[in-house]
Every structure is written in structure tokens, then in C-alpha cells.
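Single-structure report; data block below.
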Amino acid sequence: MQEGGKTLDPNRYATKKTVAQGMLDVALLTANASQLKYVLEVGEQHPYYAVMLGLIITSLVLQGLTAVLLGVLTVLNIKKPHHQYPAEVINHVVMGLNMLIMAFDGIQTSFDKGFLHPENFTNTLLKKRP
């Protein structure tokens, strides 16, 4: 029992947790989109252009899939017995996808040397655009 005689509603908790996770996913999606923009602006001058492009796009696709699964998860009511097993499976799949996304982003960070060389970043910013 909580204060005031209210009990914890597991369905409400799960929904709030899913929404909070979705907000964190939006922040990661924004960071990956920004990094994709940077890699595309630098172009093939980036020493790991193909690898970075592959990692970023894979991460973005996995994030999109995670968002869809989280959307499905918010519709399920875990108080209903026939929703509990699908919710559990989707929750585990989302957790696995999040671990894959973290792995791809960790590898991606190790290949991104652009921010360590200020001349690359400055040249990108000063490049004339049509």
C-alpha cells in the first residue's frame, strides 16, 4: 500500500515507463540524425564513411522498429490475462533491440574520428553551399 491508501496500478506504471523510454529514444534518434547529417556533409572524405553510414542507418532502422513495438506495448493492458504474454514478449524484444542499438552506437563512436580533428569539422562548416 502507498500513502493515502492507494495501491500501485501496474498498467499505469507500465504505460509511464514506456512513455519515458520513448522520450529517451527520441533523444537518441535526434543524436543519430545529427551524426548522419555530419557524415553525409563530410562525404567520402570521412575515413570510415561506408562503415559509419551503415552503422547509423542500421541504428536508425532499429530505433524505428523499437518505436513501433513500444506503440504496440502501450495499447496492451497487462491487467488482462491474454495481453500479459504478448506484452512480456514485446518487452523482451524491445530490451534486446535497445542493447543492439547501444552496441551499434558504441561501435559507431569508436569509428567517428571527425570530432577529434578540428580541421575536418571546420572545413565542413566553412564549405560553400550551392
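Within region 43-57, is even one residue more than 18 Å from F111 (Cα to Cα) and modelled with pLDDT of 75 or more?
As a first pass, look at region 43-57 and keep what is more than 18 Å from F111 (Cα to Cα): none.
For region 43-57, residues more than 18 Å from F111 (Cα to Cα) and modelled with pLDDT of 75 or more: absent.
Within region 17-32, is even one residue at pLDDT 85 or above, loosely packed, with under 12 Cβ neighbours inside 10 Å and assigned to a helix (DSSP H, G or I)?
Yes, because at least one residue in region 17-32 is at pLDDT 85 or above, loosely packed, with under 12 Cβ neighbours inside 10 Å and assigned to a helix (DSSP H, G or I).
Conditions tested, residue by residue: (1) part of a helix (DSSP H, G or I); (2) touching a His at 6+ places or on another chain (Cβ under 8 Å); (3) at pLDDT 85 or above; (4) open to solvent by 30 Å² or more (accessible area, probe 1.4 Å).
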| site | (1), (2), (3), (4) |
| --- | --- |
| L62 | yes, no, yes, no |
| H82 | yes, no, yes, yes |
| V89 | yes, no, yes, yes |
| V94 | yes, no, yes, no |
| I101 | yes, no, yes, no |
| P130 | no, no, no, yes |
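Given T74, T122, T109, which one is open to solvent by 40 Å² or more (accessible area, probe 1.4 Å), within 17 Å of G43 (Cβ to Cβ), among the β-branched types (V, I, T) and at pLDDT below 90? Break it down stepwise before answering.
Working: T74 fails: within 17 Å of G43 (Cβ to Cβ); T109 fails: within 17 Å of G43 (Cβ to Cβ).
Testing whether each residue is open to solvent by 40 Å² or more (accessible area, probe 1.4 Å), within 17 Å of G43 (Cβ to Cβ), among the β-branched types (V, I, T) and at pLDDT below 90 leaves just T122.
The values are calculated or read from the model by the stated rules, or taken from the named source; none is laboratory data. This is a predicted model, so every value here is computed, not measured. Using ideal geometry, Cβ is built from the backbone for each residue, glycine included, and neighbour counts are taken over all protein chains shown. Accessible surface areas use protein heavy atoms only, side chains included; no ligands, DNA or RNA. Shrake-Rupley method; radii C 1.70, N 1.55, O 1.52, S 1.80 Å.
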